[in-house]
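Notes follow once the structure below has been shown.
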Amino acid sequence: MVRLVDYENRRRAVLSKVIDRYIKEKEPVASEDIAKDFDLSSATIRNILSDLEECGYLTHTHTSSGRIPTGKGYRYYVDFLLSQMELLDEEKERILKEYKKEILRLEDILEQTSEIISAITHYAGIVSFVEWQDKVFYKGISYILEQPEFHDLERIRLLIRVMEDKQRLLEIINRDFKEKVKVYIGPELGCPEMDSCSLVVSSYQLKYQPSGKIAVLGPMRMEYAHIIPALEYISEVLTDVLNRI
């Protein structure tokens, strides 16, 4: 009997596996690392990885035979997984518990939200309010600086400069979009100093009008499958909290 192989699905699965592994282990992924997951030879996986690299989804460093995702690879990964991402119930309970603390001032709630985002995602949490053009709340920059991508001092310096420039930071996160959650990967941010980063953004409402943005800033190698549904849920809870004060 002839065995039919869906090469496109296999290619997609290999790409997802490489990105999953790289996100978790922070190390380039070699063919032998994932061959057993597909019951295929290392040589077959190596050919698929080479094809994915030729198509621009993966690249490799000079010091390793393993592959790492490119911005294009992460974009494909996020778009493909977006409809499959769900937040665990215990994470939802954790978020709700944080908002049960009685806080009446808008400014305090927004600052608290930046702390919640950072605590839940382990990256930087950013919150803006449209009417306050000169104010932005952010917490958790240290989480980004702990990532291996940011051990370069020049890269750290450039990132901190952007974070301290409030107007520029607001311009980046306050862009209009129609989706519940918008993901900007690397160069899509339009900010050269953040080319190694990804930004996940959602909107919240006050008195049922669009009022501001909440965001997660981290390396391109961030856990999108957790961060995207977490941010979407936080935006829903924040909207509910604000419309009850």
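Read-outs: derived from the displayed coordinates by stated rules, not from any lab. Just so we're clear, the structure is a prediction, and the values are computed from it rather than from any experiment. Counting neighbours? That spans all protein chains shown, and the Cβs are built from the backbone with ideal geometry, glycine included.
Summary table
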| item | result |
| --- | --- |
| Proximal lysines to LYS213, defined as alpha-carbon separation beneath 23 angstrom and excluding residues fewer than eight positions away on the same chain | LYS92, LYS97, LYS100, LYS101, LYS135, LYS139, LYS166, LYS178, LYS180, LYS182 |
| Within the chain, longest stretch clear of exposed trypsin sites (Lys or Arg not before Pro) (DSSP loop, no more than 10 other Cβ within 10 Å) | 4-99 |
| Linear extension gain, ILE160 paired with ASP134, 0.36 nm per residue minus alpha-carbon span | 7.6 nm |
| Sorted by Cβ density within 10 Å, fewest first, the residues THR61, THR70 | THR61, THR70 |
| Qualifying GluC sites (Glu not before Pro) in the stretch 45-88, DSSP loop, other Cβ atoms within 10 Å at most 16 | GLU86 |
| Using alpha-carbon coordinates, inclination of helix 42-54 to the longest axis of the chain, degrees | 50 degrees |
| Charge-dipole axis of the chain as Lys and Arg at +1 and Asp and Glu at -1 on Cβ define it, positive-most pick from ILE141, PRO192, VAL29 | PRO192 |
| Selected from GLU223, GLU98, GLU193 as most flexible by GNM, with the chain as the system and alpha-carbon contacts under 10 Å | GLU98 |
| Degrees, to the nearest 10: 89-99 long Cα axis against longest axis of the chain | 20 degrees |
